[in-house]
Amino acid sequence: MDYLRGLAGLTFIVTLAYLFSNNRKSVDWRLVGVGILLQLLIGLIIGKVELAQQAFLYLSSKFVTFLSFAQKGAEFLYGDLAKNSADDPEAKHSLGVLFAFQA
């Protein structure tokens, strides 16, 4: 059932992109198909291959470390604005990412 939901979502997104396209005749369906197949292949590899799962866990931990450094930089730069964002927890993470990619 989860596979069908994912396939329905993917179909919806492609259909929506096609409907809002300015030039529908120029859509390269071969490229769209290759992109979808690559997405499915990467999903299968990550879901079934232990080494790929370990690699993604490693990359995820490095990204979280990077975000924590960015948060510390945002706290240094923005002060209390970055520290006291209890009303909007997303704002706390956004300031860190903003600081990291602004530099």
For Ile46 and Ile13, extending 7 Å from Cα along the Cα-Cβ vector and measuring point to point gives, in nm, a value of 1.1 nm
Everything considered on the Cα gyration tensor (a ≥ b ≥ c; rounded for a/c under 1.5, else prolate if a/b is larger than b/c, else oblate), the stretch 1-48 must be described as oblate
For the stretch 23-36, Karplus-derived ³J(HN,Hα) couplings (6.51, -1.76, 1.60; θ = phi - 60°; whole Hz; x for glycine and proline) come out as 9, 5, 6, 8, 5, 8, 5, 5, 5, 4, x, 5, x, 5
Subtract the Cα-Cα distance of Asp28 and Leu67 from 0.36 nm times their separation in residues, and report this length gain in nm to one decimal.
-> 10.4 nm
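Would you kindly state how much longer the chain becomes between Ser21 and Ser60 on full extension, computed as 0.36 nm times their sequence separation minus their alpha carbon distance, in nm to one decimal?
Gain on stretching Ser21 to Ser60: 10.6 nm.
No lab work stands behind these numbers, since they all come straight from the coordinates. Quick caveat: nothing in here was measured; it's all calculated off a predicted structure. Note that each Cβ is placed from the backbone with ideal geometry, even for glycine, and that neighbours are counted across all protein chains shown.
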